[in-house]
Amino acid sequence: MNQLYVPALDAAPREGALRDARGRHKRKLRVSLTDRCNLQCLYCMPEHPKWLPREQILRRDELVRLVRLFVTELGIREVRLTGGEPLLRRDAVEIVGALNDLRSIGLERIAMTSNAVRLAPVAGALRQAGLDDLNISIDSITPERFHAMTRGQVAPVLEGIAAARAAGIGVKLNSVVIRGYNEDEVLPLVRWAAGQDVSLRFIEFMPLDGRGLWTRDKVITEAEILEQVGREFGIERLPRTAEPAEYFRLDGRYRLGIIPTISRPFCSTCDRVRLSATGELYSCLFSEACRDLKAPLRSGADDARLAQLVRGHVWHKEAGYAARPGYVERPITMHHLGG
Ligand code: SAM
Ligand code: SF4
């Protein structure tokens, strides 16, 4: 079931839309704005994070130049800003505004993934600048449990969710569920999100945490989530979409999502690539290799050269997590690369 078609790895194409040797087209780019964060989620941050030196982080002009290249030369149509916490960048609204100018050359959607701690005061400005969608992480709505998971306060997050919805930004909530930590939050979260009529997706715990907490048995799988939800709601599985999430209709009215990265990997249809805050291109969350774009960018490489580097790297994209189950030792963790 996890076997993927693996054609010979020929030389990368010189032009056309971005694709890899396994026939997967890339339409989505995730850009980490910073490795810094104001929370310390136990499934993400190391116990003692060491922040990257600021001069290594891409400046706004560099980042926008790279995204422009991905849009014009490489066929990217959707950009998601992530981190670390993207709203720790003082120029987050300006970055969204600069990306908004790329719509005329083909960019279709601008999204962000945020912990929402700093969202409420800037939600309107983000929408005005051009932000379409926000994925907001929330693993519990009770203050004590939220604090235990993140070392932060839930109140500003709830305010941020309300402000983003009021501003007209499309909001989805993301929850990571870990056995022994918050699996009893599944039903309370579903009840709350359904009551608010806000989208909720559970994400299976991935082995990319900064403190080596992950073990296979801590993953609360899609099947286990459904078993819990089924005690209270009628469940109808919906047809697959192009998204990694599986969707379910609860009691004929509310749509719940689950991203089953571990129990049912979707690597064979992956359509995304990732740029770290320091300008390294990763073609997969689980990649061990990356392609540095910052050094050539800063030493004056033109767009043709940068596009060639990107094509060459993405062409060799690995089969993905599906092909390598088990713990994955990686040189980079989620807060550095961006989930
Ligand atoms: N700080 C922002 C946030 O938390 O939404 C953006 C960055 S965070 C790394 C992006 C997403 O990765 C979040 O939805 C978070 O829940 C998810 N994430 C982080 N570590 C994870 C892990 N080990 N397994 C599954 N999802 C994880
Ligand atoms: Fe920060 Fe997001 Fe990682 Fe939590 S998941 S520590 S909010 S980067």
Residue range of the chain that is longest and free of trypsin sites (Lys or Arg not before Pro) which are both DSSP loop and sparsely packed (at most 15 other C-beta within 10 Å): 254-339
Over all directions, how big on average is the projection of the convex hull of the alpha-carbon atoms in the chain, in square nanometres? 16.4
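What number, in percent, do you get for the relative contact order of the chain if the mean sequence gap of Cα pairs under 8 Å and at least 6 apart is divided by its residue count?
Numbers: 678 pairs, mean separation 78.7, N = 339.
For the chain, the relative contact order is 23 percent.
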Simple SL model, points at 7 angstrom along Cα→Cβ for residue 65 and residue 213; separation in nm is 3.9
Could you give the angle, 0 to 90 degrees to the nearest 10, between helix 155-167's Cα long axis and the longest principal axis of the Cα atoms of the chain? 70
Determine the relative contact order of segment 133-240: mean sequence separation of Cα pairs under 8 Å and six or more apart, normalised by residue count, in whole percent. 25
Could you look at the chain and say what percent of its accessible area is carbon and sulfur, using a 1.4 Å probe and all protein chains? 49
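Within 12 Å, Cβ to Cβ, of residue 188, how many net charges do the neighbouring residues add up to if Lys/Arg are +1 and Asp/Glu are -1? Walk me through the numbers before you get to the answer.
Details: positive: 145, 191; negative: 139, 183, 184, 185, 232.
Around residue 188, the charge tally is -3.
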For the chain, list the cysteines whose Cβ sits under 4.7 Å from no other cysteine Cβ? 37, 267, 270, 284, 290
Choose one of 31, 16, 52: the residue whose Cα lies farthest towards the positive end of the charge dipole of segment 10-68 (beta-carbon charges +1 Lys, Arg; -1 Asp, Glu; about the Cα centre). 16
Toy charge model, Lys and Arg Cβ at +1, Asp and Glu Cβ at -1: segment 29-69 dipole around Cα centroid in debye, rounded to 20, equals 200
Any idea what angle helix 186-196 forms with the longest principal axis of the chain, computed on alpha-carbon atoms, 0 to 90 degrees, nearest 10? 80
Based on the Kirkwood radius over alpha-carbon pairs, what is the Stokes-Einstein translational diffusion coefficient of segment 72-150 at 37 °C with 0.692 mPa s viscosity, in µm²/s? 241
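Mind putting a number on the dipole of the chain about its Cα centre? Charges go on the C-beta only, +1 for Lys and Arg and -1 for Asp and Glu, and I need it in Debye to the nearest 20.
620
What percentage of all Cα-Cα pairs in segment 230-291 are separated by more than 20 Å?
Working: 864 of 1891 pairs.
Beyond 20 Å sits 46 percent of the P(r) for segment 230-291.
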Rg over Rh of segment 260-319, using C-alpha atoms and the Kirkwood radius, what does it come to? 1.04
Scattering profile of segment 23-115 at q = 0.18 Å⁻¹ [log10 I(q)/I(0), Debye over alpha-carbon scatterers]: -0.83
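How much accessible area per residue does segment 110-151 have, in Å², with a 1.4 Å probe? Mind showing how you got there, number by number?
Details: 1520 Å² over 42 residues.
Ligands and nucleic acids excluded, the figure is 36 Å² per residue.
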Of the residues 55, 236, 183, which exhibits the maximal mean-square fluctuation in a Gaussian network model of the chain defined by a 10 Å Cα contact cut-off? 55
Which of 163, 67, 200 sits farthest toward the positive end of the charge dipole of the chain, with +1 on the Cβ of Lys and Arg and -1 on the Cβ of Asp and Glu? 67
State the answer as a single residue: which of 269, 290, 146 lies farthest towards the positive end of the charge dipole of the chain, with beta carbon charges of +1 for Lys and Arg and -1 for Asp and Glu, about the Cα centre. 290
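Can you tally the lysine pairs in the chain where the Cα-Cα distance is under 23 Å and the two residues are eight or more apart, or on different chains? Kindly include the intermediate steps, with their values, before the conclusion.
Values: 26/172; 26/294; 26/317; 28/172; 28/294; 28/317; 50/294; 294/317.
Count of close lysine pairs: 8.
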Roughly how much of residue 132 is accessible, in Å² to the nearest 10, using a 1.4 Å probe? 30
In the Gaussian network model of the chain, springs joining C-alpha atoms below 10 Å, which of 242, 166, 111 carries the largest mean-square fluctuation? 242
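Take every Cα pair under 8 Å in segment 70-121 that's 6+ residues apart, average their separations, divide by the length, and report that relative contact order as a whole percent. The partial results should precede the final answer.
Numbers: 50 pairs, mean separation 27.7, N = 52.
Relative CO of segment 70-121 lands at 53 percent.
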With Cα springs under 10 Å, the Gaussian network model of the chain assigns the largest mean-square fluctuation among 20, 271, 91 to 91
Rounded to whole angstroms and listed largest first, the alpha-carbon spread of segment 43-184 along its three principal axes comes to 47, 36, 25
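About the Cα centre of segment 128-243, how large is the charge dipole given +1 on each Lys and Arg Cβ and -1 on each Asp and Glu Cβ? Please answer in debye to the nearest 20.
Details: 13 positive and 18 negative charges, 32 e Å.
In total the dipole reaches around 160 debye.
Taking R0 as 56 Å, what FRET efficiency do you get between residue 179 and residue 14 from their Cβ-Cβ distance, rounded to the nearest 0.05? Can you show the working numbers first?
Values: r = 48 Å, r/R0 = 0.86.
Plugging the Cβ-Cβ distance into 1/(1 + (r/R0)^6) gives 0.70.
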Length gain on complete extension for the stretch residue 263 to residue 251, per 0.36 nm per residue less the alpha carbon to alpha carbon distance? 1.8 nm
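The values are calculated or read from the model by the stated rules, or taken from the named source; none is laboratory data. None of the values given here were measured: they were computed from a predicted structure. Every residue, glycine as well, gets a Cβ built from its backbone with ideal geometry; the counts of neighbours run over all protein chains shown. In case anyone asks, the SASA skips ligands and DNA or RNA and just uses the protein heavy atoms, side chains included. Shrake-Rupley method; radii C 1.70, N 1.55, O 1.52, S 1.80 Å.
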